[in-house]
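J.: Below are the structure tokens for one structure; questions will follow.
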Number of protein chains: 2
Amino acid sequence: MPISFERMQKDLEILSSFTDPEKPYTRRSFSPLYEKARQWLWKAMKEAGLSPRLDEAANLIGVREGAEAGLPPLIMGSHIDTVEGGGRFDGTAGVVTALEVARSLFEDGHVLRHPLWVVDFLAEEPSPYGPSTVGSRAMAGRLRKEDLERRNEEGETLREAIARMGGKPQQLGEPLLPPGAIAAYLELHIEQGPLLERAGVPLGIVTGIVGIDRYRLEVRGEQGHAGTVPMKERKDSLLALAEVLLEVEAFARRKAEEVPFVATMGWVKVHPNHENVIPGRVEAVLEMRSLAHEALEEGERALRTILERVEERRGVTLRGERTDRLPPTLSDPRLMDLLKEAAEKRGLSFLELPSGAGHDAMHMAALGPMAMVFIPCRGGKSHVAEEWADVRHMALGARVLRDVLLRLDHEDRRSGPAGP
Amino acid sequence: MPISFERMQKDLEILSSFTDPEKPYTRRSFSPLYEKARQWLWKAMKEAGLSPRLDEAANLIGVREGAEAGLPPLIMGSHIDTVEGGGRFDGTAGVVTALEVARSLFEDGHVLRHPLWVVDFLAEEPSPYGPSTVGSRAMAGRLRKEDLERRNEEGETLREAIARMGGKPQQLGEPLLPPGAIAAYLELHIEQGPLLERAGVPLGIVTGIVGIDRYRLEVRGEQGHAGTVPMKERKDSLLALAEVLLEVEAFARRKAEEVPFVATMGWVKVHPNHENVIPGRVEAVLEMRSLAHEALEEGERALRTILERVEERRGVTLRGERTDRLPPTLSDPRLMDLLKEAAEKRGLSFLELPSGAGHDAMHMAALGPMAMVFIPCRGGKSHVAEEWADVRHMALGARVLRDVLLRLDHEDRRSGPAGP
């Protein structure tokens, strides 16, 4: 059986239906909807000839054993959780594609020499507990003990939530697979940016994933009655945050003229957040992303300077703690070459481009060779309800991924430990 | 029995104990804690010789009938709800003072000619449903039908909440008392500002209450992935709000050099508020307060100009709707004179000063003559846990209020409808 556009379309539609009807398309990690979607996926994996299981991090893994014992797995994967009000393709497209590749091999009766894994990684998007890429981080041994103790708004810890999802958080810490225990990791994802669509090409070969520095900011000013404290005696923490935000933006705009660089404040919490109370405290999360390590370092220095300046000007206390540093990750050159060859053989044009978004692939790169394929998405939009990609592009991507899997499975015969 | 400092102290301590233990001192209107505190107050009113009842707006009113039929009531009151993380004195000091005045008259066996009312107004602080001064607004016929349909975060309407508190929201609309049906309204309150403490005087005679214009702002930008949309292509609604906030602050600082004027953004809600999503929409509430009507008009014009400018600069949509306009309210000159005379006779120094905060007295002024007495509060701080006032100042205020009540009760003999 060839890769089937219609089957992929149907899988996507089914997964899209697991959404909060009030906020399409919302399927937050750890939610009841997410569990239902995973139950469906569990069944779909079985129908594709895969044996589903949950690993210690509650990653859902569909395994098809290989013909030869002792070979490392070939892995494809992505995630099916969404941000609030996100879309139908981010993550889900990669899972559906991986599933379709496995299914087409199964229906062909084609047994690989290596084990084949299709992975739905747990909680790739920022979870209600804080951390993102929870499952892949844990698989790579990068989920820290303190991450496990972080709580959602209801007070549940991430540790408890992973156990609730079927994981074994007490066994997390070391990588779940030893480095090198993976033959290859391949992931298809929507670009989430405008470049492929603008260039009119169906595929992108990802050169690397930007580094992400994440800062937790806290401004402590002076809470007071909104009617009785004169303007010039105020220490309004929200005004201080507004200045920080605009100054960081100015830095990011300048920097972006030299290298790919963005800075975003996406989360803000005002205390006490009453209309007639001067905000006494504000918390916020600020992100900086770049492919260039030096640009991120410069960003940190700029942020420190801005915080000091605003602190002095406004008489407030400003803290900025870096809570996360994901260094830029480069794709495996050999896998990139194989992807390019496969695309060329099929007469498909492609761009080489970096990923501005983080992916589970970042962590999988710590365990073995990693590469990613992008497909265009309309208007470059992602994390919004109208996020849209063409399933025909997904099918093209699936064919290229299958070509590369077969090539890897074949090539390794000559060098693999179980070879003749 | 004289006014008792110790009794007032005890009442305050008891009321302070009805607090969310995690966030002292929090007793939000309509909460279970609030209901418990009102149950205590109901009992305390009875012990002070008052007959408690709830009016249609669920204001808790303790009534002592007067000796002569047909006379309008003399009313003292305030409120016992707090903002989140507020203090022990805002509102509560006025209720405790009114209670003590009534109690001392009762224990003296002194029956006034007029009915005496002690009122705990429902929900003076901004309620979880939006509106503030809910009870006094309703008493003055100023609570609009659409206010009753506003909902808290759980989806309950204010109408339902008032009914839950024992009111009859279907009977709200017209004033609950006809204008002129009040002999006088007197309220003691902490200043919530620094002037009395700085001047070292125990009492303030309030000249008027500032007008409040409240605006609901909404910025609609473009939600997107925080990693993939280049800085210069973003329409970040939070950045736009930050500019609006800082420009409004600059206007308010300039204006405040001419007349008392403040502007505050105390409430902000970011959508979707995820750390890796560019905020697509932000809501906020902006307040402007002034004793000068013209300054508020100027503030509105300045805000419109700022919104247009930022809208154009950032390519976002900015809406600013005035949801509330409370005009400045002046105190009754005769009541102010009686308060000053009473203070002078007792050898107490005082300041005449405006109130920067809104009070239930604003609405009561629509029903009859109104005046207020302020007492100092430490550091001018209010709406914070460390809010503090001296109960001895409350006792001085109680004596002055009682003097004026007795004087009014006596004087009206000569002119009242039931006079000889």
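No lab work stands behind these numbers, since they all come straight from the coordinates. Treat the numbers as computed from the prediction; the structure is a model and nothing was measured. Quick reminder, even Gly has a Cβ in these numbers, built from the backbone with ideal geometry, and neighbours come from all protein chains shown.
J.: Helix A:293-314 sits at what angle to the longest principal axis of chain A, using alpha carbons and giving 0 to 90 degrees rounded to 10?
T.: Once rounded, the angle reads 20 degrees.
J.: Below 8 Å between Cα atoms, with a sequence gap of 6+, how large is the relative contact order for segment B:212-326 in percent?
T.: On the way: 219 pairs, mean separation 51.5, N = 115.
So the answer I get is 45 percent.
J.: If you don't mind, another one. Using a cut-off of 10 Å between beta-carbons, work out the net charge of the residues near residue A:129 (Lys and Arg +1, Asp and Glu -1, residue A:129 not included). Don't skip to the end; give the middle numbers.
T.: On the way: positive: A:150, A:151, A:159; negative: A:147, A:149, A:153, A:156, A:160.
Within the 10 Å Cβ shell, the charges total -2.
J.: Still on this structure, I have one more. For chain A, calculate the relative contact order in percent as a whole number, restricting contacts to Cα pairs under 8 Å that are 6 or more residues apart. Before the final figure, lay out each step's value.
T.: Values: 937 pairs, mean separation 93.0, N = 420.
The normalised contact order for chain A reaches 22 percent.
J.: Tell me, what is the percent relative contact order of segment A:1-131, built from C-alpha pairs under 8 Å that lie six or more residues apart? Display every interim value, and only then the final one.
T.: Numbers: 231 pairs, mean separation 43.7, N = 131.
Over segment A:1-131, the number comes to 33 percent.
J.: Rounded to a whole number of µm²/s, how large is the Stokes-Einstein D of segment A:31-89 at 37 °C and 0.692 mPa s, given Rh as the Kirkwood radius over C-alpha pairs? Walk me through the numbers on the way to the answer.
T.: On the way: Rh = 13.2 Å.
Calculated translational D: 248 µm²/s.
J.: Additional query: Quick one: label points 7 angstrom along Cα→Cβ at residue A:14, distances to the other copies in nm, smallest first?
T.: So the label point of residue A:14 gives 6.6 nm to the other copies.
J.: Continuing with the same structure: Specify whether the C-alpha gyration tensor of segment B:277-317 places it in the rounded, prolate or oblate class, a ≥ b ≥ c being the square roots of the eigenvalues: rounded for a/c under 1.5, otherwise prolate if a/b is larger than b/c and oblate if not. Please list the in-between numbers first.
T.: Details: a/c = 5.68, a/b = 1.95, b/c = 2.91.
Verdict is oblate for segment B:277-317.
J.: I want the local charge near residue B:3. Using Cβ-Cβ distances under 10 Å, sum +1 for each Lys or Arg and -1 for each Asp or Glu among the other residues.
T.: Values: positive: B:7, B:103, B:399, B:402; negative: B:100.
Residues near residue B:3 contribute +3 overall.
J.: May I pose another question? Which residue in chain B puts its Cβ closest to the axis that rotates chain B onto chain A, and at what distance in whole Å?
T.: Residue of B nearest the axis onto A, distance in Å: B:242, 2.
J.: Mind checking which lysines have their Cα closer than 16 Å to the Cα of residue B:43? Skip sequence neighbours fewer than 8 apart in that chain.
T.: B:10
J.: Classify chain A from the C-alpha gyration tensor, please: rounded if a/c falls under 1.5, else prolate or oblate depending on whether a/b exceeds b/c. Don't skip to the end; give the middle numbers.
T.: Working: a/c = 2.05, a/b = 1.81, b/c = 1.13.
The shape class here is prolate.
J.: If you line up the long axis of helix B:5-17 against the longest principal axis of chain B, both from Cα atoms, how many degrees apart are they, to the nearest 10?
T.: Taking the Cα atoms of chain B, the angle to B:5-17 is about 40 degrees.
J.: Could you calculate the FRET efficiency of residue B:9 with residue A:305 from 1/(1 + (r/R0)^6), where r is the beta carbon distance between them and R0 is 60 Å, rounded to 0.05?
T.: On the way: r = 51 Å, r/R0 = 0.85.
In this case the efficiency is close to 0.75.
J.: Which of rounded, prolate or oblate describes the protein assembly as shown when judged by the alpha-carbon gyration tensor and an a/c cut-off of 1.5? Mind showing how you got there, number by number?
T.: On the way: a/c = 3.04, a/b = 2.51, b/c = 1.21.
It comes out prolate by the Cα gyration axes.
J.: Here is a follow-up. So between residue B:312 and residue B:152, what do we pick up on full extension, going 0.36 nm a residue minus the alpha carbon distance? All intermediate terms of the calculation are to be shown ahead of the outcome.
T.: Values: separation 160, 0.36 × 160 = 57.60 nm, distance 3.36 nm.
Between residue B:312 and residue B:152, full extension yields 54.2 nm more.
J.: Working out 0.36 nm times the residue gap between residue A:257 and residue A:378, then minus their Cα-Cα distance, what length gain in nm do you get to one decimal? Can you show the working numbers first?
T.: Numbers: separation 121, 0.36 × 121 = 43.56 nm, distance 2.48 nm.
This chain segment gains 41.1 nm when fully extended.
J.: Nearest 5 percent is fine: what portion of the DSSP beta bridges confined to chain A is antiparallel?
T.: Numbers: 45 of 64 bridges.
Bridges in chain A that DSSP calls antiparallel: roughly 70 percent.
J.: Convert each backbone phi in segment A:203-208 into a coupling constant with the Karplus relation 6.51 cos²θ - 1.76 cosθ + 1.60 (shift: θ = phi - 60°), then list the ³J(HN,Hα) values in order as whole Hz, x for Gly and Pro.
T.: Values, residue by residue: 9, x, 9, 7, 7, x Hz.
J.: If you average over every viewing direction, what projected area does the convex hull of the Cα atoms of segment B:212-326 give, in nm²? Display every interim value, and only then the final one.
T.: On the way: hull surface 27.3 nm².
Averaged projected hull area, Cα only: 6.8 nm².
J.: In nanometres, what is the gap between the two model label sites at residue B:171 and residue A:349, each 7 Å from Cα along Cα-to-Cβ?
T.: 7.8 nm
J.: Highest mean first, how do B:81-87, B:311-317 rank when packing is the count of other Cβ atoms within 10 Å averaged over residues?
T.: B:81-87, B:311-317
J.: So, counting K/R as plus one and D/E as minus one, what does the shell of residues with Cβ under 12 Å around residue B:15 add up to?
T.: On the way: positive: B:10, B:27, B:36, B:38, B:88; negative: B:11, B:13, B:81, B:90, B:120.
Residues close to residue B:15 contribute a combined charge of 0.
J.: Taking +1 at the Cβ of each Lys and Arg and -1 at the Cβ of each Asp and Glu, which of A:266, A:123, A:396 sits farthest along the dipole of chain A towards its positive end, judged by Cα position relative to the Cα centre?
T.: The Cα lying farthest towards the positive end belongs to A:123.
J.: A further question follows. How far is helix B:333-345 tilted off the main Cα axis of chain B, in degrees rounded to 10, range 0 to 90?
T.: Roughly 60 degrees, rounded to the nearest 10.
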